[in-house]
Every structure is written in structure tokens, then in C-alpha cells.
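Inspection log for the structure reproduced underneath, given as C-alpha cells.
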Amino acid sequence: MVWSKAIEDAVGKIRANIENNGMKFPHITNEKRYEWSENIDWIEGFYTGMVWLSFEYTGDAYFKEQAKLQIDNFRQRLEQRNCLEHHDIGFLYGLSALAGWIVDGDKDACQLALQAADLLLARWRSKGHYLQAWGPEGDEQNGGRIIIDCLMNLPLLYWATQHTGDPIYSEIAYKQAELSRRYLVRGDDSSYHTFYFNQETGIPLGGGTHQGYHDGSTWTRGQAWGIYGFALSYRYTGDPKFLETSKRLLRYFIDHLPEDSIAYWDFNVPIEAGTSRDSSASAITACGMHELLELMPQDDPDRLWIAVALEQVMKSLVERYATIGEEAEGLLKHGSYHVRGNSGLDDYMIWGDYYYLEALLRIERSIPGYWYERTEQGIGKLMKQFV
Ligand code: GLY
């Protein structure tokens, strides 16, 4: 498989999107296009992350200039605390500011990433002992809620400890990963999207869903966030529980895929004509698989099936789901956002585009995205003293 054609096509589309839309960010529609508007949602970092990936692939200074302008926009957002009452600060600032530090050594971007980590840390609820996913402290509906997506926001915290030496960030990240492992992962290796705790006492109340088919179902993107997120917690902490959990979630994901290896939006939804796929879940999982292969020992017998699955998923995405050669703003077709909420049913998802490009660059160029610095620290070496 020649991946470079897919990458070239993607980079061309990213360039065109910047030229056509200036400092606007892509948002989800139900119209097979993006709606271009302000930096006010949880998803804008994916776009900036794609600009950084484009810079790393091409070396073209245009992409770096654009990514830096976008970081300025993220800085204003943080100063104004504009729509940041949620845990996705990790996605937003990891793929913009932290990426700017990793790729360009930009010290101001590094400071911004640290400020973002502080904001995320402030979501730790000391009475309940969890990181609150959405809304302000004490919120009646969401005050006691954790969600599996949060695992992908924890790298910003682990990194903050790595950078500053202050253990508080990684202690909280580790506790949240362990809480997620205990309560969001079920005995058959499927997962809850969300779990509730008593806000005052931390007593576990029960699992549920927000975007899945029903409370006990397995929302495919949630499972994907878990696969990649636990692998990253293993990279930072070296705790083998997280490696094992990532692999178990992955086995479940792969075993429940349809013939073309691209997930429907929930593993329990009845499959009928018109049931939405979620290509973004498969793109996230592809990155998770590549990360696992980076982390697993060479003699691990699970390497083979993971490598085969990675090849199958990527081949299917490129050959059947990508917009290669088409006039399109997005890179991957047939993503879904919130099917139950009737939003983004079969469309481009900017995070699907991001993870698709990250997976391609991981495979083709060993560029692993922006979840950790590319230093030779060794797995968990730095963190072992903290957790
Ligand atoms: N983190 C929100 C989502 O995956 O839709």
C-alpha cells in the first residue's frame, strides 16, 4: 500500500481549507461539508493538529505560520476562558500549543500548554476523587460524571509533570486513568461511555451513555478513545494494567467490526440499511494500534494480530472512506458525531480527519502526533517516581 498518495491528497485539502477559510475553524454539519466558524467548541485543536502534521510532512513554512496564528487564537480563548468548562482542554491545547512546543520549540506555546494543564487540573473534584467531564463544579446533571473520552486528555497532564517536575499533574492523571479502568471498562472488555459518582462522597452510582445506543451498549468511539488513551497512560506511567486494558479493549473492537473493518456508531445498534458508520472511531483505533505496537515488546505474541488489523483498517479507510481525488473539505467520509442527538449522522468529523492523517504519518514517517515529547525517556521511566 502506498500511503504517500493519501497524505499528499490530505495536505492539499488542508492547504485549500486554510486559504478558503482564514482563521475560521471547521465544525460539524449534516451536509457533507464543514461549517466554518469561531474557536468555541471541543474540536478546534484537531484542525490545528492537522496543520502541524502538514508542516512536519512538507517542511513548508506556510503551515508553520498558520499553525502559530492559530495558537494565538487559542491563547485568546484561554485568556477569555471562552467555552472551556469541560475536560477537552487536552484535545484543544495538546494539538495546538503543546504541538507548537514539540515541533517548533516555541516557549510561549509551552507556557500556554502549561496554563491549559492547570485549567484541566482544576477539574479534579477532591470530594468525589474524579476529573469532572463537563460543566461547572456542582452541576446537577454533570457534576458527578466521568467519560471515557477523558483518557485522551490525560496526556496533557502527564506531560505537565514531565516538563515541570511537579508530580501533581501525573498523580491526578494516573488516578483518573485507574478510575476509568475500574468503572468504565466492563468485564467482557466492552465499555461504558460515562459513569456517575456521588459528588459529595465519590460513591459510584452506575454507568450510562450520552452518545451511545443505550446505557449498557458500547459506543464505538468511546471504545476507541479507551484503546488509544490507555496505551498513552501506559507510555507515561509504565503501569502494565494500562497496556493490558488497551489490548483487551482493542480485541473487543476488532472482533466486533463488520466485514470492511470500519465500525458502525455503536457495537450494539441493529445494523440496517442506513445505519451510520463512524469512520472516526476506526481512525482513532488505528493510531491506538500503532501506539501499542511501539510500546509492546518485540516478542509479544499479540503483535501479529494487531499489525494485521492495523493494515486492514488503514487499507479500508484509504480505499473506501477517504476523499482522495474528490473535491471535498474533509478527508474521511461516513463519520458520525451524536446519532441519538441527530447531529453529524454521516459526515466529515474533524477528529476523524486528524487521526486518519496521524495514522498515515505514523506509518509512513514515524510521526506520532502530539501526545508526548519525542525524547528517549523510555516507557514510564520518568513517571515511575510519581505514581
Ligand atoms: N469527545 C466527544 C466525542 O467523541 O464525540
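The values are calculated or read from the model by the stated rules, or taken from the named source; none is laboratory data. The model shown is predicted, which means the values in this text are computed figures rather than measured ones. Glycine also receives a Cβ, built like all others from the backbone with ideal geometry; neighbour counts cover every protein chain displayed. Accessible surface is based on the protein model in full, side chains and every heavy atom, while ligands, DNA and RNA are left aside. Shrake-Rupley method; radii C 1.70, N 1.55, O 1.52, S 1.80 Å.
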Enter the accessible area of Thr201 (Å², nearest 10), with the probe set to 1.4 Å and all protein chains included. 80 Å²
Rounded, prolate or oblate for the chain? Axes are the square roots of the Cα gyration tensor eigenvalues, ordered a ≥ b ≥ c, and the cut-off for rounded is a/c under 1.5. rounded
In order through region 67-82: 3J(HN,Hα) via Karplus (6.51 cos²θ - 1.76 cosθ + 1.60), integer Hz, x for Gly, Pro: 4, 5, 4, 5, 4, 4, 5, 5, 5, 4, 4, 5, 4, 8, 6, 7
Could you work out the helix-only [θ] at 222 nm for the chain, with each DSSP H run of four or more residues adding -39,500 (n - 2.57) and the total divided by the number of residues, to the nearest 500 deg cm²/dmol? -15500 deg cm²/dmol
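Where the accessible area of region 144-284 is counted over protein heavy atoms with a 1.4 Å probe, how much of it, in %, is carbon and sulfur?
On the way: 2050 of 4440 Å².
That fraction is 46 percent.
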Residue of Tyr252, Tyr169, Tyr264 that the Gaussian network model of the chain assigns the largest fluctuation, springs spanning Cα pairs under 10 Å: Tyr252
Separation of alpha-carbon centers, region 70-90 and region 227-257, rounded to whole Å: 29 Å
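For region 1-113, which whole-number percentage of the solvent-accessible area (1.4 Å probe, protein heavy atoms only) is attributable to carbon and sulfur atoms?
Here carbon and sulfur together make up 45 percent of the probe-accessible area.
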Heavy-atom accessible area ranking, 1.4 Å probe, most first, across Lys247, Lys5: Lys5, Lys247
Going by average Cβ density within 10 Å per residue, which order do the peptides 271-277, 64-70 take, highest to lowest? 64-70, 271-277
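If I take every Cα pair under 8 Å that is 6 or more residues apart in the chain, average their sequence separation and divide by the length, what percent do I get for the relative contact order?
With pairs under 8 Å counted, the relative contact order is 18 percent.
Mind pulling up the Rg/Rh value for region 1-96? Radius of gyration and Kirkwood radius, both on Cα.
Details: Rg = 13.8 Å, Rh = 14.0 Å.
Dividing the radius of gyration by the Kirkwood radius yields 0.98.
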Karplus-derived 3J(HN,Hα) from phi for region 222-234 (6.51 cos²θ - 1.76 cosθ + 1.60, θ = phi - 60°), whole Hz, x at Gly and Pro, runs x, 4, 5, 4, x, 4, 6, x, 5, 4, 5, 5, 5
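What do you reckon, how do Trp225, Trp124 stack up by accessible area (1.4 Å probe), largest on top?
Trp124, Trp225
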Let me make sure I get this right: for region 166-274, a, b and c are the square roots of the gyration tensor eigenvalues over alpha carbons, sorted descending. Under 1.5 in a/c it's rounded, otherwise prolate if a/b > b/c, else oblate. Which is it? oblate
Can you list residues whose amide H is under 5 Å from Leu131's amide H, if they're 5+ apart or on another chain and H is modeled 1.01 Å from N? Arg125
Just report the Cα centroid separation between region 313-368 and region 149-195, whole Å. 25 Å
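Which percent of the accessible heavy-atom area of region 308-357 goes to carbon and sulfur, probe 1.4 angstrom?
Ligands and nucleic acids excluded, carbon and sulfur reach 43 percent.
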For Trp36, tell me the accessible area in Å² from a 1.4 Å probe, rounded to the nearest 10. 40 Å²
With all protein chains in place and a 1.4 Å probe, His129 shows an accessible area in Å² (nearest 10) of 100 Å²
Pull up all non-local amide H partners of Leu205: gap of 5 or more, or a different chain, and H-to-H distance under 5 Å with H placed in the peptide plane. Tyr196, Phe197, Asn198
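Over the chain, give the accessible area per residue in Å² for a 1.4 Å probe, as an integer. Provide the component values of the computation, followed by the final result.
Working: 14630 Å² over 387 residues.
Averaged over the residues of the chain, the accessible area is 38 Å².
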For Cα pairs less than 8 Å apart in space and 6+ apart in sequence, what is the mean separation divided by the residue count of region 38-131, i.e. the relative contact order in percent? 30 percent
At 1.4 Å probe size, put Tyr47, Tyr337 in order of accessible surface, largest to smallest. Tyr337, Tyr47
Residue-by-residue Karplus 3J(HN,Hα) for region 40-51, coefficients 6.51, -1.76, 1.60, Hz, glycine and proline x: 9, 10, 8, 10, 5, x, 4, 5, 5, x, 5, 5
